[in-house]
Amino acid sequence: MHITGRFTGTVLSAVLAAVALAAPGEASAAGPTIVVAVNGDDTGPGTLERPLRTIQKAVDEALPGDVIAVRGGTYTLTDNITITTSGEAARPIALRAYGSERVVVDGERLPASHTPVGGSIPRAERGTIHQEASHWRVSGLELVNGPYGYYCDGCDSNVFSRLVTHDNYESGFQLQGSSSGNQILDLDSYNNRDPRKNGESADGLAIKEGSGTGNVVRGARLWNNVDDGFDAWKFTSPVLIEKSVAYGNGVNRWNFPDFAGDGNGFKLGGGSPAPAVAHTLRDVLAFRNVAAGITDNGNPGALTVTRGTTFRNQKTGFDADATGSRSTLASNLSIADGRAAALGAATVSQGNSWDIGGSWSESSVLSTDTGAITAPRAADGSLPAAPTLLVPKDGTAIGARL
């Protein structure tokens, strides 16, 4: 049988593996466990005592309900990890780090990581991990130096949690195509760049060029990426983003010639013409981005931005002035941006710092020390506490609370 064939080790080892695998809030025994380790052997059974060597071998063996546990270490790829088998709604497939061990998946040796200037990356080669499947639970992996970090196209009902994607040669995480019902939770994505495009398209997180309802981003930090923190270019269905942070995006740290990075914190659309999409942002913070903190990027849809804070963005804090825009901005705070807001004729603006009067400056808030939100995450993967960051001294209920 599928289950008993895996567990050739001791009962005790199996129990220990299941306990180490359990993600916060999940049952410890979700299904059979396939263990991968850097010193494993792909001809083995994939147990704790005799693990597999490659993540791809475990992915190829996995069936609905299985749990793939990856032991700590660096997994250097010569071909990207490709996921095409779906789990089931009641029996998702899990791919996660073993316990709290640090798992690094390195795509530096992938040919597509070094695509020349002006070149294109074949679809199948996009991503250190390339997924075209649904009902997966992926957590606790660090993806570096790949042609995209994590790339998911045509993916439904997945949960991606506590991933770290940095120093990739395209966007750190990209979801596109017909993809719905996905949750991207507690993502850290930074220092991603695209030398082949001189910085035109590598974002921290991109949900773009596709459609699908029910996609949620929560607890993300997106920083020092060459283009934008978050990009929703040509995605035609609403995305919910909450409790997330974007900062330091759009700086040419790599000395690219003919630099083309945009540098927005949260870019909520775009295209020629840009589709009208009603994205929702709640409790987000954007600071020290080269362009806007939050921008519709020409999206004429009914955006909703509530309790957001922008700080020291070089251009505009809140940009919602697309022709025909029917957006609603409420209870937001702009501090020391190039300008607080750019609003269209039909944009609804209620209770924001620029609406309620007064002088809103760095002296108006309890703290401008952004180091608090850039500190290491809590043990459960949640954002570090920053209870006073950019909070009005007078208690006015505007701006993000993180």
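Answer yes or no: is there a residue in the stretch 279-294 that is part of a strand (DSSP E or B), among the basic types (Lys, Arg) and either out of contact with any helix residue (DSSP H, G or I) (no Cβ under 6 Å at 6 or more places or on another chain) or free of Cβ contacts under 8 Å to residues at least 12 places away in the same chain (or both). Yes, there is a match, as at least one residue in the stretch 279-294 is part of a strand (DSSP E or B), among the basic types (Lys, Arg) and either out of contact with any helix residue (DSSP H, G or I) (no Cβ under 6 Å at 6 or more places or on another chain) or free of Cβ contacts under 8 Å to residues at least 12 places away in the same chain (or both).
Looking at the stretch 151-158, can you tell me whether even one residue there is farther than 22 Å from ARG91 by Cα, assigned to a strand (DSSP E or B) and either within 15 Å of the chain's Cα centre (by Cα) or of a type in the set (Gly, Ala, Ser) (or both)? Checked the stretch 151-158: at least one residue is farther than 22 Å from ARG91 by Cα, assigned to a strand (DSSP E or B) and either within 15 Å of the chain's Cα centre (by Cα) or of a type in the set (Gly, Ala, Ser) (or both). Filtered by the rule that a residue be surrounded by fewer than 24 Cβ atoms within 10 Å (Cβ to Cβ), of a type in the set (Ser, Thr, Tyr) and assigned to a strand (DSSP E or B), the stretch 184-216 gives TYR190, SER211.
Each row is one residue, and each column tells you yes or no for (1) among the acidic types (Asp, Glu); (2) surrounded by 20 or more Cβ atoms within 10 Å (Cβ to Cβ); (3) without any contact (Cβ under 8 Å) to a residue 24 or more places away in the chain; (4) at positive phi.
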| position | (1), (2), (3), (4) |
| --- | --- |
| ARG123 | no, no, no, no |
| HIS130 | no, yes, no, no |
| TYR150 | no, yes, no, no |
| CYS155 | no, yes, no, no |
| ASP167 | yes, no, no, yes |
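The sole residue among ASP41, ASP79, ASP60 that is part of a loop (DSSP other than H, G, I, E, B), among the acidic types (Asp, Glu) and within 26 Å of the chain's Cα centre (by Cα) is ASP79. Just one of the listed residues (ALA375, ALA386) is part of a loop (DSSP other than H, G, I, E, B), surrounded by 21 or more Cβ atoms within 10 Å (Cβ to Cβ) and out of contact with any Gly (no Cβ under 8 Å at 6 or more places or on another chain), namely ALA386.
One line per residue, one yes/no per condition, for (1) at positive phi; (2) of a type in the set (Gly, Ala, Ser); (3) assigned to a strand (DSSP E or B):
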residue	(1), (2), (3)
LEU222	no, no, yes
ASN225	no, no, no
SER237	no, yes, no
ALA246	no, yes, yes
PHE259	no, no, no
ASN264	no, no, no
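Considering the stretch 217-261, the residues that are acidic (Asp, Glu) and surrounded by fewer than 24 Cβ atoms within 10 Å (Cβ to Cβ) include one that is nearest to ALA202 (Cα to Cα), namely ASP258. Among the residues of the stretch 102-121, write down those that are in a strand (DSSP E or B) and surrounded by fewer than 20 Cβ atoms within 10 Å (Cβ to Cβ). Of everything in the stretch 102-121, those that are in a strand (DSSP E or B) and surrounded by fewer than 20 Cβ atoms within 10 Å (Cβ to Cβ) turn out to be VAL104, ASP106. The residues listed here are ARG162, ARG126, ARG137, ARG196; of these, the one that is among the basic types (Lys, Arg) and under 15 Å from VAL226 (Cα atoms) is ARG196. Just one of (1) modelled with pLDDT under 95; (2) among the charged types (D, E, K, R); (3) closer than 26 Å to ASN224 by Cα trips up ARG326, so point out which. Single failed check for ARG326: (3).
Of all residues in the stretch 334-359, those satisfying the criterion of being within 13 Å of ALA320 (Cα to Cα), hydrophobic (A, V, I, L, M, F, W, C) and in contact with a helix residue (DSSP H, G or I) (Cβ under 7 Å, 6 or more places away or on another chain) are ALA340, ALA341. In the stretch 136-143, the condition of being on the phi > 0 side of the Ramachandran plot and out of contact with any Gly (no Cβ under 7 Å at 6 or more places or on another chain) is met by at least one residue. Inside the stretch 331-373, residues that are without any contact (Cβ under 8 Å) to a residue 40 or more places away in the chain, under 26 Å from GLY248 (Cα atoms) and of a type outside the set (D, E, K, R) make up a count of 17. The set of residues from the stretch 35-82 being closer than 16 Å to GLU101 by Cβ, among the aliphatic types (A, V, I, L, M), surrounded by 19 or more Cβ atoms within 10 Å (Cβ to Cβ) and without any contact (Cβ under 8 Å) to a residue 40 or more places away in the chain comprises VAL36, ALA37, LEU48, LEU52, ALA58, ILE68. Go through the residues of the stretch 124-138 one by one and say whether even a single one is over 12 Å from THR82 (Cα atoms), aliphatic (A, V, I, L, M) and out of contact with any Leu (no Cβ under 9 Å at 6 or more places or on another chain). No, that holds for no residue. Among residues of the stretch 179-235 being in contact (Cβ under 8 Å) with a residue 60 or more places away in the chain and among the aromatic types (Phe, Trp, Tyr), the one that is nearest to ASN249 (Cα to Cα) is TRP223.
The values are calculated or read from the model by the stated rules, or taken from the named source; none is laboratory data. A quick note: this is a predicted structure, and the numbers were derived from the prediction, not measured. Note: ideal-geometry Cβ built from the backbone for every residue, glycine included; neighbour counts use all protein chains shown.
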